[in-house]
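First up is the structure itself, then whatever we jot down about it.
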Amino acid sequence: MMAQVLCVALLIASSASGEPPVANFGRAFPAIQFWSVPELRAAVHHLFNIRALTATDFQVLLYTAGRAMLWVVVLSAVYSMYEYFRAFYHAAVGRAALEREARRAALAPGPARTPTAQS
């Protein structure tokens, strides 16, 4: 949940002007080759050099961090789905095994009872 909140906050903060700060908006964002976005290369260059960062550089960096957090949200949702399914499946299989054992015990013949002689 925290990842979702952080992701949305970063994306909102990066698009203060109403649109994403990168020129390739509307096309697939190169998740693997993120350095191919010219604005991002310039922002990282400004970040690691002595040059001052501009407001656009901050927007581009926040936008990129928000897009990365989207992947974190997706991966954590898939992991959560797997864990819920695994817990449900184990509970269902365990419950079914207990019900089978109870049915077997009810259907199994008990020890033979012989009438006892009363004195």
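A compact table of results
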quantity	calculated
Single unsatisfied condition, ASP57 versus (1) modelled with pLDDT of 75 or more; (2) surrounded by fewer than 17 Cβ atoms within 10 Å (Cβ to Cβ); (3) not aliphatic (A, V, I, L, M)	(2)
Those residues of region 28-47 which are at pLDDT below 80 and of a type in the set (Val, Ile, Thr), in sequence order	ILE32, VAL37
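Okay, residues lined up against (1) at positive phi; (2) surrounded by 10 or more Cβ atoms within 10 Å (Cβ to Cβ); (3) more than 24 Å from the chain's Cα centre (by Cα):
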position: GLU39; (1), (2), (3): no, yes, yes
position: ALA52; (1), (2), (3): no, no, yes
position: LEU62; (1), (2), (3): no, yes, no
position: ALA65; (1), (2), (3): no, yes, no
position: ALA68; (1), (2), (3): no, yes, no
position: VAL72; (1), (2), (3): no, yes, no
position: PHE85; (1), (2), (3): no, yes, no
position: TYR89; (1), (2), (3): no, yes, no
position: ARG104; (1), (2), (3): no, no, yes
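The values are calculated or read from the model by the stated rules, or taken from the named source; none is laboratory data. Since this is a predicted model, take the numbers as computed values, not measurements. As a convention, Cβ positions derive from the backbone with ideal geometry for all residues, glycine included, and neighbour counts pool all protein chains shown.
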